[in-house]
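Since every read-out is calculated from the coordinates, none of them should be taken as a lab result. Treat the numbers as computed from the prediction; the structure is a model and nothing was measured. Cβ placement follows ideal geometry from the backbone for every residue including glycine, while neighbour counts extend to all protein chains displayed.
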Amino acid sequence: MNSFATSTTHNNLGVIKIDIEEPLSSEILMPAIARENLDWEIINKLTINKDFKEFLKRIKIDLTSNEIRKEKYDKIYEPEDLIKMIKKRN
């Protein structure tokens with residue numbers, strides 16, 4: 001975890017521990033640090049992840065068209081609804 005912690009701190013990335021059984025017990029292990037400018041070198045490295053690359057494409061489309069297409073993004077659930085959904089799956 002030490003090299004991981006160093007890497008995330010160096011790149012201003014946050015780390016969240018998600019508790020699938022009890023989402024309200026999830027916690028931020030290391031908060032992300034806000035920057036005024038984006039670190040494009042890091043963003044380019046992250047695009048090896050296909051999902052992240054598609055996410056960035058979607059953001060670019062939304063920004064250039066000046067229209068946010070909410071249906072193209074993951075739904076944001078209220079905590080109670082998320083807990084119900086997880087319990088249904090188990």
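Selection among ILE68, LEU38, LEU82 by position relative to the dipole of the chain gives ILE68 as farthest towards the positive end (Cβ unit charges, Cα centre).
A simple charge model with +1 on the Cβ of Lys and Arg, -1 on the Cβ of Asp and Glu and nothing else charged puts the dipole of the chain at about 420 debye relative to its Cα centre. The relative contact order of the chain comes to 24 percent, based on Cα pairs under 8 Å that sit 6 or more residues apart. Placing unit charges on the Cβ atoms only, positive for Lys and Arg and negative for Asp and Glu, gives the stretch 40-88 a dipole magnitude near 220 debye about its Cα centre. Near ASP62: Cβ cut-off under 12 Å, other residues only, Lys/Arg at +1 and Asp/Glu at -1. The net charge is +4.
Working note: Karplus 6.51/-1.76/1.60 with θ = phi - 60° gives the stretch 73-90 the couplings 10, 5, 6, 9, 9, 5, x, 5, 5, 5, 4, 4, 5, 5, 5, 5, 6, 8 Hz, where Gly and Pro are set to x. Sorting the Cα pairs of the stretch 38-90 by distance into bins of 5 Å, from 0 upward, gives 4, 16, 16, 16, 16, 15, 11, 5, 0 percent per bin. With the gyration tensor restricted to C-alpha atoms of the chain, the semi-axes of the equivalent ellipsoid amount to 26, 23, 12 Å, longest first. Straight Cα distances below 20 angstrom link LYS88 to the aspartates and glutamates ASP19, GLU21, GLU22, ASP74, GLU78, GLU80, with same-chain residues fewer than 8 positions distant left out.
Close amide H pairs (under 5 Å, H built 1.01 Å from N) link VAL15 with LEU29, MET30, ALA32, residues at least 5 positions away or on another chain.
Residues whose amide H lies under 5 Å from that of SER26, counting only those 5 or more places away or on a different chain, are ASP19; hydrogens are built 1.01 Å from N in the peptide plane.
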